[in-house]
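Read-outs: derived from the displayed coordinates by stated rules, not from any lab. All figures in this text were calculated on a predicted structure; none of them were measured in a lab. Using ideal geometry, Cβ is built from the backbone for each residue, glycine included, and neighbour counts are taken over all protein chains shown.
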Amino acid sequence: METFKDEIKNLKAITRVIAALVFANFIILALVIGPDSVGFDPTYGPVTAILNFVIAFLTTGVLLGIYVVFDVKQTFDLSHMHNILFVSVTVQMLFALGSVFNYYSVFETVLDTDTVGAISGSFTNTIFFLYGLYVYLLVRTDKRRGNLLSKRTQTVGTIFAAIIIPVQALTLFGLIPDFVFAPLFILGGVILYPLFIIGVGDAIGNHEV
């Protein structure tokens, strides 16, 4: 427990780093590479891959902090979703660098780099759906207990879940047009999620062991 106490402030700072990296990754994808770009970009592809790896790696640490501070194990549905999300983020982390290693491989590869990138990216929509469910359960559980999250963070989390869950569910059936999906994705994934994760970091940082 002393070790966790020492790491609390680090986890608070880590949530800021995650938020900054999410925003930086979006800027590269949307403005530098461009939304019309298809396939692996030899110049910026390695950069975005490394950013995705670091984001996922740091997120696993924050999830461990949430598990302790919010006493996740006391609630079955949140605990179950927590375990699923932790495994999913770990898988996302493992796949993040796949396209880069494939592109620069010194050995002959079976799959081309674009295919490897498409495979790793295919998990994104599912993981976003899991994030929506997890945030909803975390906020709901927090409201029923000690309100460790600030009211603002609870509101941000509720709006995030209210956007992500239905949008991802409807996307599964092709019911969300491109012109609607893009702004909702930016609102949920680039604005609300970083704000929520920062709020979670504040709750962890204020926790008394």
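Data for the structure
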{"item": "Efficiency of FRET between Asp36 and Leu187 - r from beta-carbon atoms, R0 25 angstrom, step 0.05", "result": "0.75"}
{"item": "Quotient of Cα Rg and 2.2 N^0.38 Å for the range 101-190, N being how many residues it contains", "result": "1.46"}
{"item": "Computed label-point distance, nm, for sites Ala13 and Leu170 using a 7 Å Cα→Cβ extension", "result": "4.2"}
{"item": "Added length on full extension, which subtracts the Cα-Cα distance from 0.36 nm per residue, Phe107 to Thr43", "result": "20.9 nm"}
{"item": "Estimated FRET transfer efficiency (Val180, Thr115; beta-carbon r; R0 30 Å; 0.05)", "result": "0.60"}
{"item": "Where a label projected 7 Å from the Cα of Ile127 along Cα→Cβ would reach, residues of the range 43-79 with amide N under 16 Å", "result": "46-64"}
{"item": "Relative contact order of the range 1-119, pairs being alpha-carbon contacts under 8 Å that are 6 or more residues apart, as %", "result": "28"}
{"item": "Equivalent ellipsoid semi-axes - Cα gyration tensor, the chain, angstrom", "result": "30, 20, 15"}
{"item": "MRE, 222 nm, helices only [DSSP H, n ≥ 4, -39500 (n - 2.57), over the chain, to nearest 500]", "result": "-24000 deg cm²/dmol"}
